[in-house]
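Undergrad: Handing you a structure now.
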Amino acid sequence: MKPAERIDRVPPSGIRRFFELAEQREDVISLGVGEPDFAAPWAAREAGIASLEQGKTSYTANRGRQDLRAAIAEDVDHRYDLDYDPDEEILVTAGASEAVDLAFRAFVDPGDTVAVAQPCYVSYVPGVRFAGGEVCPVPTRREDEFTLTPEVLADAGANEAEMLVLCYPNNPTGATMSRDELAEVADFARQHDLTVVSDEIYAELSYEHDHTSIATLPGMRERTIVINGFSKAYAMTGLRLGYVLAPAGATRAMNRVHQYTMLSAPTTAQHVALEALDSCEDVVAEMVSQYDRRRNLVLSRFEEMGIDCFPASGAFYAFPTTPWEDSEAFAEALLEETGVAAVPGDAFGEGGHGHLRVSYATGMDGLKEALDRIERFVETHDDPDA
Ligand code: PMP
């Protein structure tokens, strides 16, 4: 069978070979994965178990349970000052991943251009291509602390695009953007009539300042699709639950795809999520404070090693500059010789080369051991290309 042409337009994931290497060793400490090392809060898991005991195993409404949508509306209003109608403007999805895909499938016509701030989460570029769109990469820079600016947008030609995708707090850099910085991006988006897809899945994990959603800036609500979910803050990656906040017409368009391809998001997960929003604020706060402690450790250890690492202020990633020019070679040699797996920045698109994504969503003991191994490696291995 010959796959459709658009499948060939999307190469297999560049980090696969890297993880195959990691699987061949027994003493691997992985700083490579983008998911919490915690389990979801127990009270939330218990609610899921109870829902199963009660036989709640049917589909839900296409848009998700009404009580969950109402709880999401209250939560995002309380935390981020986002005001969305649970009946018309919220769509519950199978993870933020489905939400990303729906945004492209509902709003990108073949040939449309989507500007994607990079380095970025690995699914945006394939998602645009599957929808038939063209990607305009917008490389953010270390000297701007990986924030998006009107200058990098203009330099990349994003003014010609129909849509802009951004993600703050960012995977893989750990960068966040302040309200003032986002206001400049918002001006650019309005000026050039861009639809904005704002992936805010790491919003809860903002350590230095409160998270601002670009949708709260003047004139942005009507042109923004906000994506969030339960995977990161609530440690629910395997339960596959996310959501979209967008004006009624936009969620209606996305629901058109969702109702036929997914029908409804996982039912048990919706029960878990409802309880998580209801009673698990303290557990989430404790996880966030543990990530923050690990972040401080990672940043200070890289500083002690003399490795340039910009002060990541969100998500659970640090993004140091690799001591070797060739970041892929560095990551590979580090893995082969020390068993520490971290992903080369190259895997996340333009602007990622020369960096390493270090996930600190791993226990303190393993993290300390991994940092010790990195230190010894760096002390004993000069750049072979230097
Ligand atoms: N967006 C970003 C930026 C992510 O890092 C991830 C997960 N790594 C996702 C979306 C997907 O999240 P979910 O598990 O909710 O599909």
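Values in this text are rule-based calculations from the coordinates and carry no lab data. Since this is a predicted model, take the numbers as computed values, not measurements. Cβ sites come from the backbone with ideal geometry, for glycine too, and all protein chains shown count toward neighbours.
Undergrad: In whole percent, what relative contact order does the chain give with Cα contacts below 8 Å and a gap of six or more residues?
TA: 25
Undergrad: Here is a further query. For the stretch 1-45, evaluate the Debye formula with one uniform point scatterer on each Cα (no solvent term) and list log10 I(q)/I(0) at q = 0.19, 0.23, 0.25, 0.27 Å⁻¹, rounded to two decimals.
TA: -0.80, -0.88, -0.94, -1.01
Undergrad: In addition: Given q = 0.11, 0.17, 0.21 Å⁻¹, what are the Debye log10 I(q)/I(0) values for the stretch 1-149, with equal point scatterers placed on the Cα positions and solvent ignored?
TA: Reported log10 I(q)/I(0), two decimals: -0.74, -1.30, -1.30.
Undergrad: Largest first and in whole Å, give the semi-axes of the stretch 57-278's equivalent ellipsoid, each being the square root of 5 times a Cα gyration tensor eigenvalue.
TA: Rounded to whole Å, the semi-axes are 27, 19, 15.
Undergrad: Given 20 °C and 1.002 mPa s, how large is the Stokes-Einstein diffusion coefficient of the stretch 325-386 in µm²/s, with Rh as the Kirkwood radius over Cα pairs?
TA: Using the Kirkwood radius from Cα pairs, D works out to 176 µm²/s.
Undergrad: Let me spell out the model: positive unit charges on the Cβ of Lys and Arg, negative unit charges on the Cβ of Asp and Glu, origin at the Cα centre of the stretch 170-232. What dipole size does that give, in debye rounded to 20?
TA: Here the stretch 170-232 has a charge dipole of around 180 debye.
Undergrad: Using only the alpha-carbon atoms, what does the chain span along each of its principal axes? Please give whole angstrom values in decreasing order.
TA: The Cα atoms of the chain stretch 60, 52, 51 Å along the principal axes, largest first.
Undergrad: Right, here's the next one. Across every pair of different alpha-carbon atoms, what Kirkwood hydrodynamic radius in Å does the stretch 165-308 reach?
TA: Kirkwood hydrodynamic radius for the stretch 165-308: 17.2 Å.
Undergrad: So how strong a dipole does the chain carry about its Cα centre when Lys and Arg Cβ are +1 and Asp and Glu Cβ are -1, to the nearest 20 debye?
TA: Approximately 1400 debye in magnitude.
Undergrad: Using +1 on the beta carbon of Lys and Arg, -1 on that of Asp and Glu, and nothing else charged, what's the dipole of the stretch 57-278 about the Cα centre, debye to 20?
TA: 860
Undergrad: Would you tally the net charge around ARG9, using a Cβ to Cβ cut-off of less than 12 Å, leaving ARG9 out, and scoring K and R as +1, D and E as -1?
TA: -1
Undergrad: For the stretch 233-386, how big is Rg over Rh, using alpha carbon atoms and the Kirkwood form of Rh?
TA: Expressed as Rg/Rh, it is 1.09.
Undergrad: Kirkwood hydrodynamic radius (Cα pairs, Å) of the stretch 230-281?
TA: That comes to 12.2 Å for the stretch 230-281.
Undergrad: A further question follows. Out of residues 5 or more away from THR147 or on other chains, whose amide H comes under 5 Å of its own, with H placed 1.01 Å from N in the peptide plane?
TA: Amide H neighbours of THR147, under 5 Å, 5+ apart: ARG141.
Undergrad: Would you calculate a helix-derived [θ] at 222 nm for the chain, using -39,500 (n - 2.57) for each DSSP H run of n ≥ 4 and dividing by the full residue count, to the nearest 500?
TA: Using -39500 (n - 2.57) per qualifying helix, the result is -13000 deg cm²/dmol.
Undergrad: Another question, then. What would the Debye formula give as log10 I(q)/I(0) at q = 0.21 Å⁻¹ for the alpha-carbon point model of the stretch 286-335, no solvent?
TA: -0.79
Undergrad: I'd like to know which of THR149, PHE302, ALA50 lies farthest towards the positive end of the charge dipole of the chain, counting +1 on Cβ of Lys and Arg and -1 on Cβ of Asp and Glu.
TA: Value computed over the given set: ALA50.
Undergrad: At a threshold of 8 angstrom on Cα-Cα distance, excluding pairs fewer than six apart, so keeping six or more, what relative contact order does the stretch 249-386 reach in percent?
TA: 19
Undergrad: With unit charges on the beta carbons (Lys and Arg positive, Asp and Glu negative) and the dipole taken about the Cα centre of the chain, which residue among PRO12, VAL358, HIS271 sits farthest to the positive side?
TA: Projecting each Cα onto the dipole axis, the largest value belongs to HIS271.
Undergrad: Same structure again: Report the far tail of the P(r) of the stretch 174-251, meaning the percent of Cα-Cα pairs longer than 19 Å.
TA: Every Cα pair in the stretch 174-251 considered, those over 19 Å come to 40 percent.
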